[in-house]
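What follows is a short report on a single structure.
The values are calculated or read from the model by the stated rules, or taken from the named source; none is laboratory data. Since we're looking at a predicted model, the values are computed, not measured. Cβ placement follows ideal geometry from the backbone for every residue including glycine, while neighbour counts extend to all protein chains displayed. Protein only, heavy atoms only, side chains kept; ligands, DNA and RNA dropped before computing areas. Shrake-Rupley method; radii C 1.70, N 1.55, O 1.52, S 1.80 Å.
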Amino acid sequence: MRAGEIAAAVRAHEVTAVDAVAGALERIGRIDRTLCAFAEVWEEDALRRAGEVDARVAGGEALPLAGVPIAVKGRHGMHGARTLVAAGAVPVGATAVPGGGTAWQTWELGRYGRTVNPWRADRTPGGSSAGSAAAVAAGLVPLATGSDGAGSVRIPAAWCGVIGLKVTNASQTGLAAPGVLVRCAADAEAYWRVVSGEGAAGAPREGLTAVWSPGLGFADVDPGPLALAHAAALRLVDADVARLLPSSLRLDDPAPAWLALRSPGATADDRAAAQRLRRALSRRLDGVFRRADLLLTPARPNPPHGHDGPGERYSTALTWAFNLSGHPALSLPAGFGPDGCPVGLQVVARHGEEALLLTVARAFEALG
């Protein structure tokens, strides 16, 4: 069941939160030995919390996420899930994330081994919110938290065939932002309403405009993911969700700036140059969003690779610019490549326009 369906059923006393959480724990017990999406599973705590949710519902609280079993990113992910828990969600475990001392491209380790892609076990689910994406894609939970410092929500979302939302960066100096992974747009909206306090999103406003960019002017994108993402973008255009504007967008490659800002060995000159590039990137994107409401790109330049790694290629090529600029962005499932693995369409909007992204996601989902 979707998160919204579970919460509605619990509020209507058609099912208990304890039953909903017990069902998730049973699925995890059956499937996670192969998937390895979870680093820890909190059976006793989850069932206790679910009982507390049932008591709150019986007491008349209309909890928006009543009894929804969720996964949280990493062993320290509960801090970022507090608002969801207050809304009635029940964390059932911590998902797999890269281990200490490993490169940022590493493959996550769950309780039973490396986390695998639910579509092909010989392929990585992406990172670093891989455990969250795999758990949602495999139906273990309907919603999982993530964090996104270079594409860490959008990348595994694309490779696992789910929706991944990175919200607007709260700080103009930081690179990471929270996010969520879900299987449907309605659940992403439910998440956003809880964490933002905003009301329900409506239909996309009329007259939306979009710019399509195959590689942001610098990235080398494989033909397969490019063709699928472009076809998905054209479905939005053909359905009159947005009108496509001509564009020859060329951004500077954000890799030097991102790496300098994250490297403990970067010099003061390196960091100053990175901030200059960051400001130039933001100015260029501000210009894009003065004439268009949306920017559409492939979510990844390449299909999922094996567990031996991507080699020298940066799979973050199309995502980390928006960590530098702070724009909200999401990945939508755009179809399957010849390898049987999913591909994503990235949709980017102006700062603070998460609700617009989610209405576009709902409209895209309705196209089938």
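What to note about this one:
- Any chance V343 is buried (at least 22 other Cβ atoms within 10 Å of the Cβ), closer than 17 Å to G215 by Cβ and modelled with pLDDT of 95 or more: yes
- Meets criteria (at pLDDT 95 or above, among the polar types (S, T, N, Q) and either more than 21 Å from L226 (Cα to Cα) or surrounded by fewer than 17 Cβ atoms within 10 Å (Cβ to Cβ) (or both)) for T102: no
- Flag for R75 being open to solvent by 20 Å² or more (accessible area, probe 1.4 Å) and modelled with pLDDT under 95: yes
- Top-ranked residue of the stretch 37-52 - restricted to ones that are in contact with a helix residue (DSSP H, G or I) (Cβ under 8 Å, 6 or more places away or on another chain) and of a type in the set (A, V, I, L, M, F, W, C), ranked as surrounded by the fewest Cβ atoms within 10 Å (Cβ to Cβ): L47
- Residue list for the stretch 108-120, restricted to those being open to solvent by 20 Å² or more (accessible area, probe 1.4 Å), under 25 Å from A176 (Cα atoms) and not basic (K, R): L109
- Residues that are in a loop (DSSP other than H, G, I, E, B) and β-branched (V, I, T) within the stretch 162-178 comprise V162, V167, T168, T173, listed in sequence order.
- Looking across the stretch 157-175, the residues that are open to solvent by less than 10 Å² (accessible area, probe 1.4 Å), of a type outside the set (A, V, I, L, M), out of contact with any Asp or Glu (no Cβ under 7 Å at 6 or more places or on another chain) and more than 22 Å from R271 (Cα to Cα) come down to W159, C160, G164.
- Residues within the stretch 121-156 that are surrounded by fewer than 24 Cβ atoms within 10 Å (Cβ to Cβ), more than 11 Å from the chain's Cα centre (by Cα) and not in a loop (DSSP other than H, G, I, E, B), tallied: 1
- The listed residues are V241, V288, and the only one of them that is touching a Phe, Trp or Tyr at 6+ places or on another chain (Cβ under 8 Å) and either among the β-branched types (V, I, T) or free of Cβ contacts under 8 Å to residues at least 12 places away in the same chain (or both) turns out to be V241.
Let's see how each residue does on (1) in contact with a His (Cβ under 8 Å, 6 or more places away or on another chain); (2) modelled with pLDDT of 95 or more; (3) β-branched (V, I, T):
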| site | (1), (2), (3) |
| --- | --- |
| K166 | no, yes, no |
| T173 | no, no, yes |
| V182 | no, yes, yes |
| A201 | no, no, no |
| A210 | no, yes, no |
| S213 | no, yes, no |
| A232 | no, yes, no |
| V241 | no, yes, yes |
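- For the stretch 190-207, the count of residues that are in contact (Cβ under 8 Å) with a residue 60 or more places away in the chain, in contact with a strand residue (DSSP E or B) (Cβ under 7 Å, 6 or more places away or on another chain), hydrophobic (A, V, I, L, M, F, W, C) and buried (at least 19 other Cβ atoms within 10 Å of the Cβ) is zero.
- Tabulated pairs, the stretch 44-72, first of a type in the set (D, E), second open to solvent by 10 Å² or more (accessible area, probe 1.4 Å) and modelled with pLDDT of 95 or more, C-beta under 8 angstrom, 6+ apart or interchain: D54/T16; D54/V18
- Test: residue in the stretch 166-179 that is under 15 Å from the mean Cα position of the chain (by Cα), polar (S, T, N, Q) and under 18 Å from W320 (Cα atoms): yes
- With respect to the conditions (1) touching a helix residue (DSSP H, G or I) at 6+ places or on another chain (Cβ under 7 Å); (2) assigned to a loop (DSSP other than H, G, I, E, B); (3) open to solvent by 50 Å² or more (accessible area, probe 1.4 Å); (4) free of Cβ contacts under 8 Å to residues at least 40 places away in the same chain, P214 falls short on a single one, namely (4).
- Restricting attention to the stretch 131-182, the residues that are within 20 Å of P69 (Cβ to Cβ) and out of contact with any helix residue (DSSP H, G or I) (no Cβ under 9 Å at 6 or more places or on another chain) add up to 0.
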